[in-house]
Structures are given as C-alpha cells and as structure tokens.
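The structure appears right after this line, and notes come after that.
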Amino acid sequence: MRVKMECATAGRFFGPSSSRLSNPRRRRIVLNRNNGLSAHNLCSSSKFKIQAQTHLSSEVGIAKQGSLTDFGVQEFVWPSPTDEIPFWKKGFPSWDANLEVPSEVKKDSKLMHIIHVTAEMAPIAKVGGLGDVVTGLARACLSRGHRVDIMLPFYECIQREQIDDLTLITTYNSYHDGKWIPTHAYSGTVSGIPVIFIEPSHQFFKGQHVYGGSYNELEAYLFFSRACLEWMQVTGTQPDIIHVHEWQTGALPLLYWDMYHYLSLQKPRIVLTIHNMEHYGECRQEQLNMCGLDGSLYATFDKAVDDRTVGHNPERLSLLKGGIVYSNAVVTVSPTYLKETLCSGWLSNTLIRHRDKYVGIVNGIDTAMWNPSIDVFLPSKFHAQNSEGKKLCKYYVQRGLGLASRNHVPDTALKVPLVVCITRLVAQKGLHLIIHAIKQVEELGGQMVILGKAPDSRVESEFEGLVNLHNQGPSIRILLMYSEELSHLLYAAADFILVPSMYEPCGLAQMIGMRYGAVCTSIGQLNPTI
C-alpha cells in the first residue's frame, strides 16, 4: 500500500472572485511510502470465518501460532480489570510514538510557510480522523523542509502536560458580537509540530470534551476563525498558505477575502480540506454578523446560502459552502469521495461550479507515529522480522480487560479470535451493524472490544444498556470513551479490525489496522472510497 499525504497549495491562485488558476500546474507537498504489501490469514479457528482482505506491511508481521513461553510470561507484570489505574494509563515513556521528523525525506526546492487552522489535532484534541490527518500532514510537510504551524482552540480539556515548551506569546483583542474580547495566544510543541493555542477570556471552549461543551459551538468557531486572522495581523505573520479544515473554520476564507485581505494580510492563499461532507455548518445570518461580517450579503446562491433552505423563513447559510466558494483550493480525502460528492448531495452544484479548484487526494497515516516496532504504548514491539510481540500484546489486552484470567492458559486464550472496533458511535458508522456484529462474534465464539464515544445522549443510553448486558461476560467489552493510548494497544492486539460504516470518505482505521498486522473488514459500505 502506498501512503500518500499531500497538501494542495494555492500560491499561484487568484482571489475568490476568479475560478481559474494562473498556473494550471498545482503545486503539492507529497510524502510517499511503499509498504510492499502481502496477504495473510490470521486466525486458525474453523468456525470463526469472516470474508475480509488483509494487506500487511513488510515492516509489520502477524503472530505465528505458537507459545508465549519465550516471552517469560511468568515474570511479566500482567494488568487486571481490578487495577486501580487502568493498564492503558500506566506510565508511558512519552505521549508520542515518535517525535522525530524523518531526515531521509527529500526536501522540496520551493519552501513555504503553512498554517493549519483546525478544531482537532491528534493526540491532544482528537475526536476522529480529522485530528490524525492534521497532525500527520503537518509532520509530512515539516519533513519536506517547510515551516508549519497549527492553530488550535485552547480547549479546557487539553492536558497541558502533553504540550512541550508551553509559553504565552501574545495577548490581543479579537472581535465578537460587538465587543473586543481579550485573547491569549500560547505557543508550544506537540508531536514535533509548533502549535499556537488561542484562548479567549470568555466562556468559549470550556468543558471536559473537545465538542459538547456548555457554549454555542457555532459562535465559538466563528470567533476562533476571526481570532486566528487577527493574531496574524497583530503579529505581522504572513504565511504562504492558510489551510483550513471542515465547517468549523469555513468562515475564515470569507473573513480573509472580504476583510483582512483589505487590511494587512496580502500574501496568504487559502486551502480548504473537507474531511466529511456530512457536516455543513448551518449558520443564521445574525450569527455570522457576530464575527463582524454582514450575514445578509452572503445569503445568495453563488456565495453561502444553504440551498436546502431557499424559500424558507428564515433562510440559513452554510459555512462549508462559503468556505468552498471563497477558498483558492478545495481538497477532499480521496478521489472516489470527490466523485461521490460531485454526483450527490446538496453541495454537488457548488462543487461542480468550482470543479477546477477541487481535487481528491487519498489520506495517509503517519507511519512514524503508527509503527508497532517503536510504539511506546505497546508492552512488546513487533515487526515483520519478529512478529511474536503481537501475541503478547493480544494476551496483555485480554488480561487487562478481563477476557482472559490468570487461570487461562495463554496459548488457549490466543486461539480465540479478537475483533476490535474503534469508532465514533454516530449514525454514519452504522450503529445497527455494530450491534449485529456483537451478536455474531459472541455466537461464533470470538471476542470483541469496542472503543468509542457517543455524542448523542440517546445513542449513549442504548450502548450503556449493551455495556450492562455484555461487559461482565467472557467475550465482549464495550468502552464508551476515547483513549489514544488504548487505541494503539487495541490495534496491536487485534486479529480483526471491524470498520462498520454507511459511507466512508476515506478510512484511516483500515490503514492503521493493516500496519499493525490485523485483518481489516468493512461492512455497510456500498462502494470503496480509496
């Protein structure tokens, strides 16, 4: 499998009023790796059969059927579900799998300054694949010699000890709803990437989670979008590229071209990446007014009106549509998803009108951070030349989650197929498919671990019922949470990675699972997306 991480740049694009390139050859930053794939069959159980494909990196091997005696299991300190501190929270050497930027990567001849403006960043503010992609792409660009910064809200839930060299660098005012709000900008380093954290002095970004705080998310991200541009103006920062992600930062291109470009920011061009077209960023005109724009000026078909609400009272805007119209380049996460979004969905007309600046680039994983041969979260490392460590990882997770007790013979526990599902518990992921898979795995004599959060209280209540039904049994564990450490451990332990989805723009779980030597199977998708 070839992993490609690519940032479509817009250094030669015109402003938003033009739909043509001054230079038709788009400049791109590329990281390619050839992993030399081969196919294997992981499990020997004759009654547990799932049709699936597995592509295993030449750097990553799978467990051979054999004994754990070579690992010295008697001396190994095994976790238990009764431990006061869960096994995935016990003293790791560092938060990151690998902070080093690969030195062997060829540097680009034309170097740029790129600022990512995003609502998520792995591992400190991660909800889904967006956080992984932003971190991986930033590291890839750094490895090519570019200057890269990430601008991120300073969520209350971010653990400051995960940030290296955290320093207050600027205090300035940014506009919101008729007032200038005192705002702090901090600098720090995460996963080897320079990060600028934006912290307003009012209630925005408070709470124990990235999303779902006690504040209005739409208004908070409108504030954040302007605060990022205001910081660039106050500090005289003029990047070549401002790379915005998803609807949360969709207002930034509007603010840039209709306000800040007329003030002091002349150099930057705007790239928008759409990771998932499901979220449109619905916005009332008066809400857009809060960031200093006249919302009524954008309520037109060729700007930001939400086409689904035309003729309704009131008509609404879509920040994602506005971002598409006003960005110099628009990227989505696979060529197949690009074709799908051009053929269906209410935004298809907008994307067709701007087709010349719309490109699909396959997502990739950061193969340094997701690498079982050096992963700090694993009790035993493994790779293609020595794959035995994967068996120990599996038994470690089985013991820690109570799927195998100290009375189990390790080799007997290892023969039980372990299915892992790491996902957000939302409708897109096919919740009924997950529930059906639980029953099937249990009936076929396997084990299953589900790791994920449910933002909807009704879904959470349904899965809490499943927790009460299954979690004390011998084969199913449902963990309604997200943990970066535990996700690494589960990928390493898994025989199968289950990826349920009604549709999938790209899908990082399959890539990570294959790199960690698991069979990956997708259910519910009508078409492959890569």
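The values are calculated or read from the model by the stated rules, or taken from the named source; none is laboratory data. Values in this document were obtained by computation on a predicted structure and should not be read as measured data. Virtual Cβ from ideal backbone geometry, glycine too; neighbours counted across all protein chains shown. All accessible areas refer to the heavy atoms of the entire protein, side chains included, with ligands and DNA or RNA removed. Shrake-Rupley method; radii C 1.70, N 1.55, O 1.52, S 1.80 Å.
Tabulated data for the structure shown
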quantity: Ratio of Rg to Rh over the range 154-217 (Cα coordinates, Kirkwood Rh, two decimals); calculated: 0.99
quantity: Sulfur and carbon atoms: percent of accessible area, the range 204-277 [1.4 Å]; calculated: 47
quantity: In range of the label at PHE301: residues from the range 334-371 whose backbone nitrogen is under 15 Å from the point 7 Å along Cα→Cβ; calculated: 347-354
quantity: Cβ-based net charge around ILE476, under 13 Å, with every Lys or Arg adding one and every Asp or Glu removing one; calculated: 0
quantity: Neighbourhood net charge (14 Å Cβ-Cβ; Lys/Arg +1, Asp/Glu -1) for TYR260; calculated: +1
quantity: Distance (nanometres) between label positions extended 7 Å along Cα→Cβ at VAL376 and THR189; calculated: 1.3
quantity: Under the Karplus curve 6.51 cos²θ - 1.76 cosθ + 1.60, θ = phi - 60°, whole-Hz ³J(HN,Hα) for the range 358-369, x wherever Gly or Pro sits; calculated: 9, 10, x, 10, 4, 4, x, 9, 7, 6, 8, 6
quantity: Rg to Rh, two decimals, where the range 190-311 supplies the alpha carbon set and Rh follows Kirkwood; calculated: 0.96
quantity: Kirkwood-type radius of the range 173-255, with distances r between different C-alpha atoms, in Å; calculated: 13.7
quantity: The range 111-157: Cα Rg divided by the 2.2 N^0.38 Å rule of thumb; calculated: 1.14
quantity: Per-peptide average of other Cβ atoms within 10 Å, ordering 482-489, 255-262 highest first; calculated: 482-489, 255-262
quantity: Solvent-accessible area per residue, Å², over the range 243-311 with all protein chains present [probe radius 1.4 Å]; calculated: 36
quantity: Label-to-label distance, nm, for residues given as GLU388 and ALA427 (7 Å Cα→Cβ offset); calculated: 5.1
quantity: Charge dipole (debye, nearest 20) of the range 454-527; +1 at Cβ of Lys and Arg, -1 at Cβ of Asp and Glu; calculated: 200
quantity: Estimated vicinal HN-Hα couplings, Hz - the range 147-154 in sequence order (Karplus 6.51, -1.76, 1.60; Gly, Pro = x); calculated: 8, 9, 10, 10, 9, 9, x, 8
quantity: Carbon and sulfur %, accessible surface of the range 298-360 computed with the full protein complex present, 1.4 Å; calculated: 57
quantity: Sequence-distant residues sharing a close amide H with ASP177 (under 5 Å, placed H); calculated: CYS291, GLY292
quantity: Cβ crowding within 10 Å averaged over residues, with 383-393, 316-326, 429-439, 77-87 ranked highest first; calculated: 316-326, 383-393, 429-439, 77-87
quantity: Lys, Arg +1 and Asp, Glu -1 on Cβ, resulting dipole of the range 134-224 about Cα centre, debye, nearest 20; calculated: 260
quantity: For the range 238-278: rounded, prolate or oblate by the Cα gyration tensor [a/c cutoff 1.5]; calculated: oblate
quantity: Three principal axis lengths of the range 263-334 [C-alpha, angstrom, descending]; calculated: 37, 36, 19
quantity: Relative contact order (%) - the range 73-231, alpha-carbon pairs under 8 angstrom, separation at least six; calculated: 19
quantity: Neighbourhood charge, 13 Å Cβ-Cβ cut-off, centred on HIS279 and excluding it, Lys, Arg +1 and Asp, Glu -1; calculated: -4
quantity: At R0 = 51 Å, FRET efficiency that the Cβ-Cβ distance of VAL409 and LEU168 yields, to 0.05; calculated: 0.35
quantity: Euclidean distance of C-alpha centroids, the range 176-224 and the range 427-479, integer Å; calculated: 34
quantity: Cα gyration tensor, the range 360-498 - rounded (a/c under 1.5), prolate or oblate; calculated: oblate
quantity: Gyration tensor (alpha-carbon) shape descriptor, the range 111-242, a/c threshold 1.5; calculated: oblate
quantity: Packing-based order for 150-160, 189-199, 508-518, using average beta carbon neighbours within 10 Å, highest first; calculated: 508-518, 189-199, 150-160
quantity: Approximate spin-label separation GLU442-ARG353, in nm, with each point projected 7 Å along Cα-to-Cβ; calculated: 5.2
quantity: For GLY360, distant residues with modelled amide H under 5 Å away; calculated: THR332
quantity: Average accessible surface area per residue within the range 441-530, 1.4 Å rolling probe, Å²; calculated: 37
quantity: Candidate lysines for bridging to LYS107, where Cα separation is under 28 Å - those fewer than 8 sequence places away on the same chain excluded; calculated: LYS4, LYS267, LYS357
